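Enquirer: Provided herewith is a single structure, encoded as structure tokens, for subsequent inquiry.
Bear in mind that the values in this text are calculations on the coordinates, not laboratory data. Given the structure is predicted, the values throughout are model-derived calculations rather than measurements. Positions of Cβ are backbone-derived with ideal geometry, glycine not excepted, and every protein chain shown enters the neighbour counts.
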Amino acid sequence: MQAAELFAQDVPVPEIAKRLRVSHNAVYTWRRRWCSDGEAGLVSKGPSGTECRLTPEQQDQLAAALREGPAAHGYVEDQRWTLTRVADLIGRLFRVRYTLRGVSLLLHRMGFSPQMPAHRPIERDEDKIATWREEVWQQAKD
């Protein structure tokens, strides 16, 4: 809006660019908008970028699928969601392709964060682990 005031005062483009610390091209673009639409043409249009490819309903479905766990979707070798697995799941459920970076951004936007699995593997044998710590680990330390 500062630019609009300066346009109204017939301040030259280089001077406006210098005062507002922007490029000349930015000022020329603003001036074109100001000439055609007035101050309304300078109002922000919101953040740039593409919209999410998944609808809010699809995002809810994805969240529910992630809560079911990887085993429910065929990943039985371990109980961790990886970006690759989530991207595959999105592709299977919604026929939409995401890059790994895109999956990361989507999960973050949905409130998911990277973390370690909350549960221990079912196959874990606490007695064998205790024995290993007492015998093998002690020998390795010495």
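Enquirer: Nothing charged except the Cβ atoms of Lys and Arg (+1) and of Asp and Glu (-1): what's the magnitude of the dipole of the chain about its Cα centre? Round to the nearest 20 debye.
Expert: Rounded to the nearest 20 debye, it is 740 debye.
Enquirer: If each residue's Cβ is checked for other Cβ atoms within 10 Å, how do Tyr98, Tyr75 rank with the fewest at the top?
Expert: Tyr75, Tyr98
Enquirer: Can I ask one more? Just rank Trp81, Trp137, fewest to most, by other beta-carbon atoms within 10 angstrom.
Expert: Trp137, Trp81
Enquirer: Over the Cα atoms, compute the radius of gyration (one decimal) and Dmax (the largest Cα-Cα distance, rounded to a whole number) for the chain, in Å.
Expert: Cα only, the chain: 27.8, 85 Å (Rg, Dmax).
Enquirer: Which GluC sites (Glu not before Pro) does the stretch 11-63 hold that lie in a coil by DSSP with at most 16 other beta carbons within 10 Å?
Expert: Loop-located and lightly packed - Glu51.
Enquirer: Among the trypsin sites (Lys or Arg not before Pro) within the stretch 13-54, which fall in a DSSP loop and have no more than 12 other Cβ atoms within 10 Å of their own Cβ?
Expert: Of the trypsin sites (Lys or Arg not before Pro), the ones in loops of the stretch 13-54 whose Cβ has at most 12 other Cβ atoms within 10 Å are Arg21, Lys45.
Enquirer: Based on the Cα coordinates of the stretch 56-109, what is the per residue volume of their convex hull in Å³?
Expert: Residue-normalised Cα hull volume stands at 72 Å³.
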